[in-house]
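Coordinate-derived values only; no laboratory data. None of the values given here were measured: they were computed from a predicted structure. Every residue, glycine among them, receives a Cβ derived from its backbone with ideal geometry; neighbour counts consider all protein chains shown.
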Amino acid sequence: MKNIILKNGLIGGLIIATSMVIGTNMYYNNPKGFEPSYTLGFGGMLFAFVFIYLGIEQYRNKISNGKISFGKALQVGSLIALLISSIYVGVWLFVYYNFFPDFIDKYAQSELARAKPSDFAEAKIKMDSYKEMYKNPLYIILLTLMEILPMGLAIALISALILKKK
């Protein structure tokens, strides 16, 4: 089981790390701001999470003789999602601290520029809150993990439902 989780998690992690590095580079070289890198990042997440499905399927077919319970499928998928998400967080910390230390300021500026005048005050409060949280590495880890892990767990759940066989 470990080999299947590691292999699929590392491949998914490599995909998400690559899309993050390319997206960060696109942001710096694109005057349109974050929009193109959002698309690339979300697409990278979806592509990386294909390996959750593939990992559960491999476990079912190679380890469990074509049978897998919902619980075991969810466990395998969740562990792969956690590994992919951990790689995503680790790469973001490396990129943020070494190449993109002004990320939160640029992000806040971008969000405030897109805010409607009626929502500006609320958006400003939200962005100031994010700036404060980004001063603490633990909050950076938690915020970054919350970008990716819920979607990974949802895909693990859906994959477990599809692939369960008694």
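Under 8 Å for C-alpha pairs, at least 6 residues apart: give me the relative contact order for region 2-163, rounded to a whole percent.
32
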Subject >> Fewest-first ranking of 85, 129, 19, using other Cβ atoms within 10 Å as the exposure measure >> reply: 129, 19, 85
**OP:** Over every pair of different alpha-carbon atoms in the chain, take the mean of 1/r and invert it; report that Kirkwood radius in Å.
**Re:** 17.1
Original post:
Between residue 139 and residue 116, what FRET efficiency comes out of the Förster formula 1/(1 + (r/R0)^6) with R0 = 25 Å and r the beta carbon distance, rounded to 0.05?
Top reply: 0.40
Original post:
When the helix-only estimate is applied to the chain (DSSP H runs of n ≥ 4, each -39,500 (n - 2.57), divided by the residue count), what is the mean residue ellipticity at 222 nm, nearest 500 deg cm²/dmol?
Top reply: -28000 deg cm²/dmol
Original post:
Taking only Cα atoms, what is the 0 to 90° angle, nearest 10, from helix 35-58's long axis to the longest principal axis of the chain?
Top reply: 10
**OP:** Measure nothing fancy, just the Cα-based angle from helix 120-133's long axis to the longest principal axis of the chain, in degrees from 0 to 90, nearest 10.
**Re:** 60
Original post:
If you place +1 on the Cβ of every Lys and Arg and -1 on the Cβ of every Asp and Glu, how big does the dipole about the Cα centre of region 2-163 come out, in debye to the nearest 20?
Top reply: 600
Original post:
Relative to the longest principal axis of the chain, what angle (0 to 90°, nearest 10) does the C-alpha long axis of helix 70-99 take?
Top reply: 30
Original post:
How far is it, in nm, from the label point at residue 165 to the one at residue 14 when both lie 7 Å from their Cα along the line to the Cβ?
Top reply: 2.7
**OP:** Quote the FRET efficiency, to the nearest 0.05, computed for residue 106 versus residue 70 with a Förster distance R0 of 25 Å and r equal to the Cβ-Cβ distance.
**Re:** 0.05
Original post:
Which trypsin sites (Lys or Arg not before Pro) from region 13-104 combine a DSSP loop assignment with at most 15 other Cβ atoms within 10 Å?
Top reply: 32, 67
